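A.B. asks: Quick one: the structure is below, and I'll ask about it shortly.
The values are calculated or read from the model by the stated rules, or taken from the named source; none is laboratory data. For clarity, every value in this text was computed on a predicted model and none was experimentally measured. With ideal geometry, Cβ positions are generated from the backbone for all residues, glycine too; neighbour counts draw on all protein chains shown.
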Amino acid sequence: MPILAASKFGLYEQEGLRPELIFMRPNISVTAVVTGQVEFATAHGSIVRAAAQGMPVKSLMVVADRPAYYLVGKPGVNSVGALRGRSVGIASLGGSVHLMTKEFLAQNNLDADKNVALLVTGDHNTSIQAMQNGHVDAAVLSVPWQTVAEKAGFRKLAYFGEVMRLPWPGSGLRMKISARSPISCAAPSAQPSKVSTS
């Protein structure tokens, strides 16, 4: 979100920059950074995990110290505790959102391996669709998708940023960056599309 806001309000241009923003999923953006297809990626959690596994990437910056994610439930699910025996949609298994959701549920006396089924529903848009179709009872959505879900009739159950401290979001880059132009930045998106600010 901060990357897009900076583009919209002309902050890059004020600094003499004309970045090319390419929207892609976090796992793909890390591969794109490692292979040199883009210089930076905003999938901070994925970048940090890749660095821990020995890949030639590193964290560049962190924008906030709290995750901007909401747990949103379908009508009839009025509390986090009501998720016992139900399902929650998440973007992927093994990623930052998955681990964060397990920790959040544990803080609410729910075991993600026993009491709640965590199901992969993909990006935010498909997670909302999964709730609409009755495939899951709740979903974890980032800002501003919780607002989209509320307008569709779903209910905010919790804001992860109130109970967790976690560097989020941020950006990372390759250990060695070439001097080629333009600079490309991979940003998470619900749809793979390409936006150029030049």
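A.B. asks: So the check is Cβ under 6 Å with 6+ separation or different chains; which pairs have a first residue in the stretch 124-137 that's more than 12 Å from Ala152 (Cβ to Cβ) and a second one that's of a type in the set (D, E, K, R) and assigned to a loop (DSSP other than H, G, I, E, B)?
C.D. replies: Short answer, once both residue conditions are applied: Asp137/Lys74; Asp137/Arg86.
A.B. asks: Val140: under 25 Å from Pro26 (Cα atoms) and surrounded by fewer than 20 Cβ atoms within 10 Å (Cβ to Cβ), yes or no?
C.D. replies: Answer is no for this residue.
A.B. asks: Further question on the same structure: Can you name the number of the only condition in (1) in a helix (DSSP H, G or I); (2) over 19 Å from Met131 (Cβ atoms); (3) in contact with a Phe, Trp or Tyr (Cβ under 8 Å, 6 or more places away or on another chain) that Thr31 fails?
C.D. replies: For Thr31, the failing item is (3).
This table checks each residue for (1) loosely packed, with under 15 Cβ neighbours inside 10 Å; (2) part of a loop (DSSP other than H, G, I, E, B).
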position: Gly54; (1), (2): yes, yes
position: Lys58; (1), (2): yes, no
position: Met61; (1), (2): yes, no
position: Pro67; (1), (2): no, yes
position: Gly76; (1), (2): yes, yes
position: Leu93; (1), (2): yes, yes
position: Leu99; (1), (2): no, no
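A.B. asks: Since Arg155 meets every condition but one in (1) within 21 Å of Ala43 (Cα to Cα); (2) touching a strand residue (DSSP E or B) at 6+ places or on another chain (Cβ under 6 Å), which condition does it not meet?
C.D. replies: Every condition holds for Arg155 apart from (1).
A.B. asks: Which of the numbered conditions does Leu118 fail, given that it passes all the others? Conditions: (1) surrounded by fewer than 18 Cβ atoms within 10 Å (Cβ to Cβ); (2) in a strand (DSSP E or B).
C.D. replies: With respect to (1) surrounded by fewer than 18 Cβ atoms within 10 Å (Cβ to Cβ); (2) in a strand (DSSP E or B), Leu118 is out only on (1).
A.B. asks: Just checking, how many residues over the stretch 142-165 are of a type in the set (A, V, I, L, M, F, W, C) and more than 16 Å from Asn108 (Cβ to Cβ)?
C.D. replies: Initial filter on the stretch 142-165 (of a type in the set (A, V, I, L, M, F, W, C)): 143, 145, 148-149, 152, 154, 157-158, 160, 163-164.
Pick out the ones that are also more than 16 Å from Asn108 (Cβ to Cβ) and you get 143, 145, 148-149, 152, 154.
The qualifying residues number 6.
A.B. asks: For Val88, only one of the following conditions fails: (1) assigned to a helix (DSSP H, G or I); (2) hydrophobic (A, V, I, L, M, F, W, C); (3) without any contact (Cβ under 8 Å) to a residue 60 or more places away in the chain. What is its number?
C.D. replies: Single failed check for Val88: (1).
A.B. asks: Cβ-Cβ under 8 Å, sequence separation 6+ or interchain: first residue in the stretch 1-30 and polar (S, T, N, Q), partner assigned to a helix (DSSP H, G or I). Which pairs?
C.D. replies: Every condition considered, the pairs that remain are Asn27/Ser46; Ser29/Ser46.
A.B. asks: Here are some residues: Gly16, Gly45. Which one is in a loop (DSSP other than H, G, I, E, B) and either loosely packed, with under 14 Cβ neighbours inside 10 Å or touching a helix residue (DSSP H, G or I) at 6+ places or on another chain (Cβ under 7 Å) (or both)? Please lay out each step first, then the result.
C.D. replies: Working: Gly45 fails: in a loop (DSSP other than H, G, I, E, B).
Just one listed residue meets the conditions, Gly16.
A.B. asks: If you check Lys74 against the conditions, is it among the charged types (D, E, K, R), assigned by TED's automatic domain parsing to the domain that holds Leu105 and touching a residue at least 12 places away in the same chain (Cβ under 8 Å)?
C.D. replies: yes
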